[in-house]
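K.L.:
Next up is a structure, given as structure tokens.
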Amino acid sequence: MEHPVVAEDGFTYEREAIAEALQRRPRSPKTNAEMGSRVVPNQDKKATIINYKEKTVQEIMSVAASVPSGHALKLLHRAESFIRPLLPDRSAQAKLVKLLQLKASLPAMSRGTAVKELLDMLSNQPGDSTVRDLLSNFEAWDVGFQATARRPPLLPCHEVGDVKITGVLDKECATRLAARWQTTDGAEALWKFALELGSSADPGVWLGGAALVLAAVHGKVVVDLPALPDSLLASAVSLLKTPLDAAALALEVFKCDFGLAFDTQTCSCSLASLLWEQARRCESDPSAQEPLLIEAFMADEENSDVRGALLKLLLQHLEGGTLDKEDVLLKLLFFEHNQVPKKLLSKLSLAAEHVRVLEPASCVTLANQLQEEGRPEDGAKVAVIAAEAFDACGSKEEAQSSYILAYNMDRRNPDAAHGVVESCAYASRTCEELREQLAGQQEMMEQLEGQQETIEEQNERINSLDKEISDLKIEAASMKKELENSKVLTAVRGFTWDLSSEDFSAFQRGQVKNSPKVYLPGLGIKIWLQYYPQGASDSPVGRAALYLARSAKARVCATISVDSVDRDITIPIDLYQHQGFGNPSFIRVGQHEKISVIIKSVQLEGSKIEYLF
């Protein structure tokens with residue numbers, strides 16, 4: 001990474017790479033959220049890169065004379081690639097001269113153009129004493145290098161100030177092992193090598209190197225996670241969270257990216273396993289364990305160890321009344337049970353923002369559970385969420401079914417009612433479009449001779465569609481009428497029977513006068529009053545009887561008012577239809593102006609729903 005910048009998603013990228021990526025697709029490579037093209041230079045990262053290059057160049061200049069010529073040539077080429085872009089800076093030029101000196105000290109076949117470049121510097125800067133001194137001692141360097149080459153090799157590490165720099169021999173060995181990381185044997189050898197260096201008392205850069213290898217080979221070889229140091233585990237987790245940065249670092253250290261930038265599925269599974277190990281190490285501190293388990297679950301929902309531990313922890317929070325991750329708990333419950341256990345339904349808030357994390361099919365299951373538990377209104381809300389999710393992913397048929405399910409659960413739910421009407425309209429439009437398409441096909445086929453049989457088949461199909469359209473229109477009209485009736489239902493609460501013009505003086509005891517029958521829209525039943533002005537056969541002398549009747553078996557709760565007398569009546573649900581229920585001694589015999597009935601609730605026979613007015 002040469003020019004690090006911070007994008008609008010808060011992550012750091014190489015400037016050219018993120019610019020090219022955003023031109024192709026204006027979304028964050030990390031979060032997949034929409035993102036603009038504005039970037040800000042990351043000065044801290046830039047300073048780190050510059051510092052890394054300076055230390056690398058210094059290390060190469062320190063060890064180049066102590067390693068085989070072939071390896072030294074590669075190291076010097078790398079150092080040059082860091083220095084040359086900084087020219088004509090005088091400090092960079094001085095370092096380039098030193099690198100060319102070391103290159104000129106190599107055997108003749110490895111020197112390349114080093115001597116020529118030094119001569120060019122001398123001709124262009126004849127007064128530069130540093131260049132003159134280097135050239136005047138060239139022969140001495142060559143002799144000294146040949147003598148060094150005949151001595152035993154030096155140790156692979158050396159000291160620069162107070163910082164221990166990892167030797168180039170270790171890096172060379174790591175690079176060669178990394179070339180075989182995709183094989184089982186190669187991955188095991190690389191892991192053992194990196195683990196030994198990264199677990200030392202002063203691992204230096206090899207802590208990150210071992211973490212990179214752990215991120216790459218986890219899942220390919222057996223890794224004893226409980227035995228790993230906390231620092232190594234934490235470093236590997238940090239790298240797996242930013243696979244692009246990890247791949248770039250792997251290229252720097254091992255000349256191989258280990259596929260970290262592309263194999264996101266493997267990275268996610270490895271991240272979940274390592275986070276699970278971190279969570280296991282802090283079992284005594286649930287507050288620290290919970291975020292680790294949640295992050296592991298988000299990385300790999302298929303990890304059964306993570307699911308089991310997180311479910312147990314969240315259920316403990318639920319029982320203790322401290323649950324703040326209900327959405328995660330719902331997902332876990334459907335993973336483990338394909339539903340929410342009945343004993344937990346009453347303990348969950350089932351807020352919309354929590355339910356929306358579930359798959360649409362799981363929402364339908366939850367809605368049916370709520371209806372079975374006598375909570376149809378809540379079930380309708382969940383079914384509407386399922387319908388919206390199906391609609392968002394283009395599953396129109398499932399969305400329509402969910403809207404109808406919600407409407408059947410709670411016909412007063414406006415979202416469900418609107419969804420049903422929209423579904424019917426969509427079905428009608430779809431059929432109309434199909435009809436138009438088929439009509440166009442018929443017109444084209446009529447122009448082809450000898451295709452009469454095909455045309456007849458299309459005509460039959462059109463007729464069938466016409467019938468389907470007709471049926472759908474009838475169904476839509478019926479549902480629209482039912483919806484209108486349900487709206488009227490909320491306004492109908494009772495009726496008043498005017499008796500001011502009635503003369504009951506000629507009525508005998510036991511003779512009844514029925515009021516007009518009143519239809520309750522949306523419920524399909526009628527109610528009316530049975531009035532005995534001179535009393536029923538079982539009424540006390542001087543008392544008039546009054547009963548409330550209905551056309552179908554249903555429990556009806558109502559208040560009947562005559563003058564200033566109010567009495568509550570509840571018709572049992574199993575009372576025979578048309579049979580009145582009331583009070584044989586409701587009011588005194590005499591002239592009364594009106595009788596009023598206020599309906600409080602109705603529950604039809606065989607229904608679990610009680611309609612309230």
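Any read-out appearing in this document is the output of simple, stated calculations on the displayed coordinates, not a laboratory observation. Please read all numbers here as calculations on a predicted model, not as lab measurements. Neighbour counts run over all protein chains shown; Cβ positions are idealised from the backbone, glycine included.
K.L.:
What does the C-alpha gyration tensor say about the overall shape of the range 197-306? Classify as rounded when a/c is under 1.5, otherwise prolate if a/b is larger than b/c, or oblate.
P.N.:
oblate
K.L.:
If you don't mind, there's one more thing I want to ask. Quick one: dipole size for the chain, taken about the Cα centre, charges +1 on Lys/Arg Cβ and -1 on Asp/Glu Cβ, in debye to the nearest 20.
P.N.:
So the dipole magnitude of the chain works out to roughly 1200 debye.
K.L.:
Which angle between 0 and 90 degrees, to the nearest 10, do you get for helix 15-24 versus the longest principal axis of the chain when only C-alpha atoms count?
P.N.:
40
K.L.:
Output wanted: per-residue J couplings in Hz (rounded whole) for the range 317-331, from phi through Karplus 6.51 cos²θ - 1.76 cosθ + 1.60, θ = phi - 60°, x for Gly and Pro.
P.N.:
So the J values, rounded to whole Hz, are 5, 4, 5, x, x, 10, 6, 10, 10, 5, 4, 5, 4, 4, 4.
K.L.:
Moving to a separate point now. Between (i) 33; (ii) 54; (iii) 42, which matches percent of Cα pairs over 45 Å apart calculated for the structure shown?
P.N.:
Recomputing percent of Cα pairs over 45 Å apart here gives the entry labelled (ii).
K.L.:
What relative contact order, as a whole-number percentage, does the range 494-612 give when Cα pairs under 8 Å and 6 or more residues apart are counted?
P.N.:
27
K.L.:
Check the straight Cα-Cα distances from LYS600 and name the aspartates and glutamates below 17 Å, setting aside those fewer than 8 residues away within the same chain.
P.N.:
Output for LYS600: ASP566, ASP568, GLU610.
K.L.:
Hey, what number do you get for the chain at 222 nm if only DSSP H runs of n ≥ 4 count, each worth -39500 (n - 2.57), divided across all residues, to the nearest 500?
P.N.:
Theoretical 222 nm ellipticity from helices: -18000 deg cm²/dmol.
K.L.:
Do you know the relative contact order of the range 171-385, to the nearest whole percent, from alpha carbon pairs under 8 angstrom that are 6+ apart?
P.N.:
Taking the mean separation of contacting Cα pairs over the length of the range 171-385, I get 11 percent.
K.L.:
For LYS513 paired with SER304, estimate the spin-label separation in nm (one decimal), with each label point 7 Å from Cα along the Cα-to-Cβ line.
P.N.:
7.9
K.L.:
Contact order normalised by length for the chain, with contacts defined as Cα pairs under 8 Å and 6 or more residues apart; what percent is it?
P.N.:
Over the chain, the number comes to 5 percent.
K.L.:
Still on this structure, please answer the following. Straight distance only, please: which aspartates and glutamates reach the Cα of LYS343 with their own Cα at less than 12 Å, same-chain residues fewer than 8 apart left out?
P.N.:
GLU319, GLU373
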